[in-house]
1. Nearest 10 degrees, 0 to 90: what angle lies between the long axis of helix 477-486 and the longest principal axis of the chain (Cα atoms)?
2. Taking Rh as the Kirkwood radius, which is the inverse of the mean 1/r over Cα pairs, what is the Rg/Rh value for segment 356-475?
3. With every atom except the alpha carbons ignored, what do you get for Rg and Dmax of segment 119-159, in angstroms?
4. Measure off 7 Å from each Cα along the Cα-to-Cβ vector at Asn263 and Leu409, then give the distance between these two points in nanometres to one decimal.
5. Run the paramagnetic zone check for Arg384: 7 angstrom along Cα to Cβ, then residues of segment 242-271 with backbone nitrogen under 13 Å.
6. Nearest 20 debye, what's the magnitude of the dipole of the chain about its Cα centre given +1 on Lys and Arg Cβ and -1 on Asp and Glu Cβ?
7. Angle check, please: helix 453-468 long axis (alpha carbons) against the longest principal axis of the chain (alpha carbons), in degrees 0 to 90, nearest 10.
8. Given R₀ = 35 Å, what would the calculated FRET efficiency be for Val294 paired with Ala324, taking r from the Cβ atoms and rounding to 0.05?
Amino acid sequence: MNSTSAPADAPAPGAWEELVTAALLGTERRTPPGSAPGREAPVALLDAAAVETVRRRAGLRPGRAARRPEPAAPDPRPPLPAAAARRLAMLLADRPGTGGGGRRGTAPDLMELLPQWLAATNDRGFAAPPEVLPALLDAARGRTDLRPAALTFAGPRAVWLARLNPDWRFALRATPGGGAALPHSEDTDRIQQLWQEGLFAERVALLGAIRAREPAAARELLTTTWATERAEDRLMFLDSLRTGLAAADEPFLEQALSDRSRNVRATAAELLSALPGSALAARMAVRAGACVAVDHTGDAPTLAVEAPHECDASMERDGVVSKAPAGRGERSWWFGQLVEAAPLATWSARLGGRTPREIVALPVADDWQGELHAAWCRAAVRQRDAGWARALLGAPAAPEAGGPGAVSLAERAKLLGTLGSAERAEWVAGFISAHGLSEAFQLLGVCAVPWDEPLGRAVVDALNIARDAGSYPWSFSGVMGLAERCLAPSEASRLDGLLAVPDEPEDASPGAGGYWAEAFQRLVTTLRLRAAMAEELGA
């Protein structure tokens, strides 16, 4: 600033904006306020800007002191062991590489182990160290799959921090009631007040919490305001009845079949069809049974299908969608919905006392097999019927990898979800032994972690066979990544013989042997790291 400048007078209104305009246009086109045009104009502009800057900074009135935030709620859980806390800091500090297309090397992908670490820690009930919470919330902000476990581990401090940092607001949305404490079940006045006056998120959280404890009380609470709720809110509230769904919910759901909203009617019908003893299920059984019969006129019994010719008002009320999607025939569309909603237990009586396996094995006339079996698959998943799921899955070593009834890998994965974890793992192990890994990725995703020994052995053996055959190695990277996270750590010792670079067949992909050795080395390193992580948590 020019030391000979006279003391500045009070600025004219808009002086700063005038200076900014002169700077943007240039002093040759716009003379700065209070100066003459010419060679000195740029210097005058800078002097005036310096004076105005000091004036603007010094002229600010101090703001009123903000109220100190209330301390975070105490976390009664035991502290994390020191070794595990150091491990968490390493997991959170790891960042995946930005380069694409290259090899991963032999180092474990620590960020991919974070979900498993969080699950194990939450099982043991440890509290998160306060100093790691910012990094943990940043990681959960970027990965939605981490959020439930991360917020459980972070505890009440996550909500406290989220109120102070807008970047972490997802913690408020993901926490029941936005972090507000829900009333106890005995506090009926507070429950009624929150239900009548609370925000939508608070009401959803309240209804879900009561439904988990007292299903009947939650249903009764919902009935008090059902007629005045918005359609989109009714749909969300109705979805909460999936928890603890029972025959006692049938009268309310039957009433919802007459709702003004088509989506609400469809959800009510879906819930009723999951109750095999409901009146809707009985109506659907009659409709679906009229469409399927055993034809004995040929050399062998055959299932004959006569799809409905219309979708009447009563079918629509019971949740049948009349308009078929593009590319689907109306009759097959209606037929699939009827079979899907009919109780599976009715088919044995309808089809001559046959078992599910015998029914699925029957040939179906006129190319209706795919539609009929696909609808039975959906029904088995909806009704959680393991007997029908086994029949539709068939033997894992069957020549046709799709099984007798499933129409896709996704369908088979859903059917496997109805079985117990041990049976599920055994079936997938048999499938891999018979068909290899090329179609097994989705099936592996529904198996419990860590994989049971037969399944882990089947995966490792299949990878070894692919390596020895000189297969293109990068096509197995997804399964190898799953193995790093899902194989039991005790399997590491069995893999030592696979770490050497194998001899490559003449028709093998160039460099495949080195890649396979590198991938198995990373797998062994990761398994041993997971074993160390479990030991640090006291497992």
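1. That works out to roughly 90 degrees.
2. Values: Rg = 15.0 Å, Rh = 14.9 Å.
With Rg and the Kirkwood Rh in hand, the quotient comes to 1.01.
3. Spelled out, the Cα radius of gyration and Dmax of segment 119-159 are 9.4, 25 Å.
4. 3.1
5. Counting backbone N atoms under 13 Å from the label point, the list is 242-247.
6. Numbers: 58 positive and 66 negative charges, 377 e Å.
Rounded to the nearest 20 debye, it is 1800 debye.
7. Computed tilt is about 80 degrees.
8. On the way: r = 28 Å, r/R0 = 0.79.
Efficiency, rounded to the nearest 0.05: 0.80.
The numbers here are math on the coordinates, done by the rules we state, and not lab data. It should be emphasised that the depicted structure is a prediction, and the values quoted were computed from it without experimental measurement. Because the Cβ atoms are built from the backbone with ideal geometry, glycine has one as well, and the counts that use them run over all protein chains shown.
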